[in-house]
Structures are given as C-alpha cells and as structure tokens.
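The values are calculated or read from the model by the stated rules, or taken from the named source; none is laboratory data. Note that the structure is a prediction, hence the values are computed from the model and not measured. Please note: Cβ atoms are built from the backbone with ideal geometry, for glycine as well, and neighbour counts cover all protein chains shown.
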Amino acid sequence: MAHLKYLPMPSSTCPQLLLKIVTALFPRQREFIYTTQQLNPEDIPLVTKEEVMEVCNSVGNNKAPGLDGVPNIALKTSIKAAPELFFDVYNTCLKEETFPRKWKQQRLVLLPKGK
C-alpha cells in the first residue's frame, strides 16, 4: 500500500493565501452611489446621555481595542467620568455633518482557528 505524501500547509502569513481568504470572505461590493437628497440636520435626533451610557455598559471589557489601542476598560472609565463630553462630541459631529476620518478606518485581523 502506498503512503500519502505529506504536504505542508501554507503559512498563515502567505500573501497569496491571505488574499484568497479575504477575497472569499469579503467580496468586492458595487460602488456606493450617494443620494443627492439632503437631510435637514434638525430632523436628526441628537445623542442623549442615556444612549451613551447604554452603549458604554454594553461593551465588553475584554474586547480587543480599536486602531487607537485604547482598551475598552479605559474608554468606559472615561465615559462614566464625563459622559457629557462624549455626547457633546457626537452631537457636534451630527450637527456639523462631519466625522473624523480616523473614525472611518478599520483593520481586518484574521485569527487562526484554535485546535
């Protein structure tokens, strides 16, 4: 009986394999077409202190931090200490119809499956 030849698995850092995985998991979307309809900024409800606190309390402490590297526990502590600072920032963004470019960035991290 013939033995099967062992073929090593490609490394998880293999660029071709990573590209294939990302392309399969996240297919390219059609270009988003912006509508010319303008919303009246006064029709957009402002963020309330209660909403900020509700979201703050729902975020897990052990979740991975975002691109800024700030751990969730530090962010939650800051929000609880000065919630008005946070909802003022969010409401200013809504009123001025602009959000920081950094808030729109993301990073995809592929984690190896546990054995």
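Thr36 is checked against (1) outside any helix (DSSP H, G or I); (2) hydroxyl-bearing (Ser, Thr, Tyr); (3) under 29 Å from Pro112 (Cα atoms) and fails just one. What number does that condition carry?
Failed condition: (3).
Filter the range 40-66 for residues that are hydrophobic (A, V, I, L, M, F, W, C), assigned to a loop (DSSP other than H, G, I, E, B) and touching a Lys or Arg at 6+ places or on another chain (Cβ under 9 Å) and give the result.
Of everything in the range 40-66, those that are hydrophobic (A, V, I, L, M, F, W, C), assigned to a loop (DSSP other than H, G, I, E, B) and touching a Lys or Arg at 6+ places or on another chain (Cβ under 9 Å) turn out to be Ile44, Leu46, Val59.
Cβ-Cβ distance below 8 Å, separation of 6 or more or different chains: which pairs start in the range 36-64 with a residue that is without any contact (Cβ under 8 Å) to a residue 24 or more places away in the chain and of a type in the set (Val, Ile, Thr) and end on one that is surrounded by 10 or more Cβ atoms within 10 Å (Cβ to Cβ) and part of a helix (DSSP H, G or I)?
Pairs that qualify, where the first residue is without any contact (Cβ under 8 Å) to a residue 24 or more places away in the chain and of a type in the set (Val, Ile, Thr) and the partner is surrounded by 10 or more Cβ atoms within 10 Å (Cβ to Cβ) and part of a helix (DSSP H, G or I), are Val59/Asn72; Val59/Leu75; Val59/Lys76.
Considering each of Gly69, Gly114 in turn, give the residue that is at positive phi, in a loop (DSSP other than H, G, I, E, B) and not β-branched (Val, Ile, Thr).
Gly69
Quick grid of which residues meet (1) of a type outside the set (Lys, Arg); (2) out of contact with any Gly (no Cβ under 9 Å at 6 or more places or on another chain); (3) over 26 Å from Val22 (Cβ atoms):
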| position | (1), (2), (3) |
| --- | --- |
| Glu50 | yes, yes, yes |
| Lys76 | no, yes, yes |
| Cys93 | yes, yes, yes |
| Trp103 | yes, yes, no |
| Val109 | yes, yes, no |
| Lys115 | no, yes, no |
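From the residues in the range 65-98 that are modelled with pLDDT of 90 or more and closer than 21 Å to Glu42 by Cβ, which one is surrounded by the fewest Cβ atoms within 10 Å (Cβ to Cβ)?
Top of the filtered list is Thr92.
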